[in-house]
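Read the structure below first, then the notes.
The values are calculated or read from the model by the stated rules, or taken from the named source; none is laboratory data. These numbers come from a predicted model, not from an experiment. Glycine gets a Cβ as well: all are built from the backbone with ideal geometry, and neighbour counts include every protein chain shown. To get the accessible areas, we keep the full protein, side chains included, count just its heavy atoms, and leave off ligands, DNA and RNA. Shrake-Rupley method; radii C 1.70, N 1.55, O 1.52, S 1.80 Å.
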Amino acid sequence: MASVDRIERQLEVATTEYRRCVEKLEKFMEGEKGDRLSELKKNLREKEDVDENQRKKWIEEKEDLEKQEKKLEASKERWELQMEKLQDTLIGNDFVTCNLNVGDRVYDFG
């Protein structure tokens, strides 16, 4: 079983990476790229008098921005799952430590 210190260090790294991903995603959505993605979606939905070449360009640009957004989301979710896994491991270690090392008594559950 991994030591508690090692798990806590891994949790700290995962938490830092998760926060970094959240910041990147927020920056994307609230910045020029997020605004452009919204604008493209609106244009594709509302503007019918656009030539086919322009529509294709908008679709390609929209798909590219959506891929970037999904990549950021996936990274954020991956670190969030890693954090949860490590937190569960710490909780499990604390439970075992608290319940099996009570005072001078030794419990045999076998």
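What the table below lists for this structure:
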item	result
Label-point separation, LEU90 to ARG55 (7 Å along Cα→Cβ), nm	5.4
Carbon/sulfur fraction of accessible area - the range 29-81, other protein chains in place, 1.4 Å, %	44
Restraint check, LYS41/LYS85; LYS47/LYS67; LYS41/LYS71; LYS42/LYS71; LYS24/LYS85; LYS27/LYS57, Cα-Cα greater than 28 Å	LYS41/LYS85
Loop trypsin sites (Lys or Arg not before Pro), the range 28-94, which have at most 16 other Cβ atoms in a 10 Å radius of their Cβ (DSSP)	LYS47
Percentage of interatomic Cα-Cα distances in the range 6-65 larger than 15 Å	62
Accessible area (Å², 1.4 Å probe, nearest 10) - VAL4	60
